[in-house]
Structure formats: C-alpha cells, structure tokens
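A short write-up of the structure that comes next.
The values are calculated or read from the model by the stated rules, or taken from the named source; none is laboratory data. Remember, predicted model here, so these are calculated numbers, not experimental data. Don't worry about glycine lacking a Cβ; one is built from the backbone with ideal geometry, like all the others, and counts go over all protein chains shown.
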Amino acid sequence: MRRWLLWSIGAVALCALGFAGPSGAADDVAVAYDQIERALPAGAVPPAPDEFDADEAETRKAIALRPGGKRGISRLIGSMGRKGPADALSALSDDLRDAGFPRLERHVFYRGWERIEDIVGGTIVLRKCDQGMLVTLDSVHKTYRVDEPAAVDRARLLERAAGERAGGGSLDVVRRVEKMQSRTIDGIVADAYRATQTLRSDSATGSCRVATIASQTETYYAPFGAPVSTCPRAAPDFPATPLAVVARDGCRPSGVAHASGTTEPSAPLVLYRLMTLTEGRTRMMLLLARGHLRTIVSPAALFEIPPGYAKAS
C-alpha cells in the first residue's frame, strides 16, 4: 500500500510536469527514470519488461565493448547521411553504432527542465531552454560548457542536412494493433499493446530504398503521462516505429496506410518497447526500457553547475 501511495504521488508530479510551465509545478519535486536504448544482437533473447536490472547489466557490457561513443552536444546531434548498405536494417545498424548506441542514461524532469546523464561515460546535459541554456558537464574532468539551445538546434539541423540526400518513393503500410494482458513493471501496472506491421516501399529514388519490412512491436505504457521539457524535442535517432527505419537520410516516401484493431495510446510514458524487424534474412530487435522510476524532493541543485567545476576553454 505504501509503494502504491508513493507512485500515486509520482503520477501527480508527472501530470504537473506535463501540463505546467517551468514555474507551474505545485511541489518542489522532480521525476526521474533510468533509460536503456539498444539494438539486440541476432539470436539474442530479449529481457522481459520487468527485468530492467539484468538488462542494465547487459547494456553496460555492450557499452564496454563499444569502439567509441559520442558525448555531450555531439551526442545530441547524432550521425546521419551515411552512405552504406543497400538494405534498410543494415544501414540502420551502422547509423546506431555511429550515433553511440547502446545508451544507458538517467533522465530527470523538473519544472520544464531536463537533465540527461550518461551513466557510464559521466557526461551530463542540463536542458534549460526557458533560460536559453544548454549546459554540458564533464564529471571526469570537472569542467562545463554553456551553449545557446537555438544555436545547438541550428547546428544539428545543418549537420543532418549536410549528410542527407533527397529521396522519394511509394509506401504501403498494413498495421494491426491488439490489446495484451496488463503486466506489473517495477510496481506499476502497465497497459500492453502488440502491433504487427508490414511496410513495403517501392519506386525508390535518391536516399530511399526498395524494402519490405515486417515488424512486431510490444509496448507497455505507464498509467500516467510522459514528462515533458520546455526544449523542443528533436527527431530521435533511435527509431520508435518501422516507418522511422525507412524515412531516414533525407528519404521522404509517400503512400497509404491500412490500420485495423484497437487504438494504441500515444501520451502515456513508455516503460518498455521491443520492436522486432525482419527484412529478407536480416533480423533486428530494438529495445527501449525504462526503470528505477522515482520522485526526487528538492532537486534544484541537480540543475546547477556543481562547485569546483571550471569553464571549458
């Protein structure tokens, strides 16, 4: 009963963060969670939705074997426009490696601000766009850098535009969604949905590829909304849908969609999403998992430059 009461308080805090401005939250409370984004190797057994700690251990091992990842602002910009394999899934695999995946991060939301911590690498980004500040903290060298969010956004857009090639094509999508049995994840009863989808792209030009991709996505949603920040959210470089696998590198296909089944929600916080993609003989699993959800009382110090940090030259 006590655990559910704490989560009820957390849900209220999430709602306040989702609908109030930077100074609109009634209580001095932040909402935090740890987040994993990774592509699972072929033949791997995906972790269950309630196995976040085991998943974190596997992610740490994968990060230790990673040749190198991006940090700070470059991590937010991502890597786009790579010319490479003809099939979409192999190209996506290259993109994710170049963008620094897998990632293990800690996110904290407080009155419209967001703190993103690279748990393994130690880099922390403070997103305080209402104050025109994007602060990057290097906890290893005890230094910080302050950027203007609009300038970072422009740099990101220019970076992506420089690598993109225009492309088009026809697209046909068949999608069916069904409700699954609810499941308890970290003490939270989550609604579950399974979406099966077939995506066919044809008449491709430029950066678009002719592809037929079959997918199955299982998603578990919390019973409260996802927290938001005052910073505009850039298009993620970790795909959330099969369409995002095709519409990359400047490819902008057009087509039709055929949907059936129930309606899947869009506003709640995603606790777990496993997307299995198949293209010919190539198979890939993309996993998003969130755990250790909690509230933090009086978190303002987490969004300040710590004492003893020097400004990077």
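Just give me the residues in region 292-303 being in contact (Cβ under 8 Å) with a residue 12 or more places away in the chain and either assigned to a loop (DSSP other than H, G, I, E, B) or over 23 Å from the mean Cα position of the chain (by Cα) (or both), in sequence order. Walk me through it before giving the result.
Initially, region 292-303 is screened for residues in contact (Cβ under 8 Å) with a residue 12 or more places away in the chain, giving 292-300, 302-303.
If the condition is that a residue be in contact (Cβ under 8 Å) with a residue 12 or more places away in the chain and either assigned to a loop (DSSP other than H, G, I, E, B) or over 23 Å from the mean Cα position of the chain (by Cα) (or both), then V297, S298, P299, A300 are the ones that fit.
Test A190 against the stated conditions and say whether it is among the hydrophobic types (A, V, I, L, M, F, W, C) and part of a strand (DSSP E or B).
In short, yes.
Which count do you get for residues in region 35-68 that are in contact with a helix residue (DSSP H, G or I) (Cβ under 7 Å, 6 or more places away or on another chain) and within 30 Å of F303 (Cα to Cα)?
Our first condition is that a residue be in contact with a helix residue (DSSP H, G or I) (Cβ under 7 Å, 6 or more places away or on another chain); within region 35-68, this holds for 36, 38-39, 47.
Okay, now just the ones that are also within 30 Å of F303 (Cα to Cα), so 36, 38.
Matching residues across region 35-68 total 2.
So which of D153, D130 is more than 26 Å from T241 (Cα to Cα), assigned to a helix (DSSP H, G or I) and in contact (Cβ under 8 Å) with a residue 60 or more places away in the chain?
Working: D153 fails: more than 26 Å from T241 (Cα to Cα).
That would be D130, the only listed residue that is more than 26 Å from T241 (Cα to Cα), assigned to a helix (DSSP H, G or I) and in contact (Cβ under 8 Å) with a residue 60 or more places away in the chain.
Of (1) surrounded by fewer than 18 Cβ atoms within 10 Å (Cβ to Cβ); (2) modelled with pLDDT of 95 or more, R281 satisfies all except one. Which?
R281 satisfies every listed condition except (2).
Kindly establish whether G261 is at pLDDT 95 or above, over 30 Å from E117 (Cα atoms) and surrounded by 13 or more Cβ atoms within 10 Å (Cβ to Cβ).
Numbers: at pLDDT 95 or above: yes; over 30 Å from E117 (Cα atoms): yes; surrounded by 13 or more Cβ atoms within 10 Å (Cβ to Cβ): yes.
Yes: the conditions hold for G261.
Look through region 137-188, keep the residues that are surrounded by 18 or more Cβ atoms within 10 Å (Cβ to Cβ) and touching a Cys at 6+ places or on another chain (Cβ under 8 Å), and return whichever of them is modelled with the lowest pLDDT.
P149
From the residues in region 111-130 that are touching a helix residue (DSSP H, G or I) at 6+ places or on another chain (Cβ under 8 Å) and within 18 Å of A226 (Cβ to Cβ), which one is surrounded by the fewest Cβ atoms within 10 Å (Cβ to Cβ)?
Residue satisfying both the conditions and the ranking: C129.
Of (1) touching a strand residue (DSSP E or B) at 6+ places or on another chain (Cβ under 8 Å); (2) on the phi > 0 side of the Ramachandran plot, G132 satisfies all except one. Which?
Of (1) touching a strand residue (DSSP E or B) at 6+ places or on another chain (Cβ under 8 Å); (2) on the phi > 0 side of the Ramachandran plot, only one is false for G132: (1).
With respect to the numbered conditions (1) surrounded by 21 or more Cβ atoms within 10 Å (Cβ to Cβ); (2) modelled with pLDDT of 95 or more, which one is the sole condition not fulfilled by P242?
The failed condition is (2).
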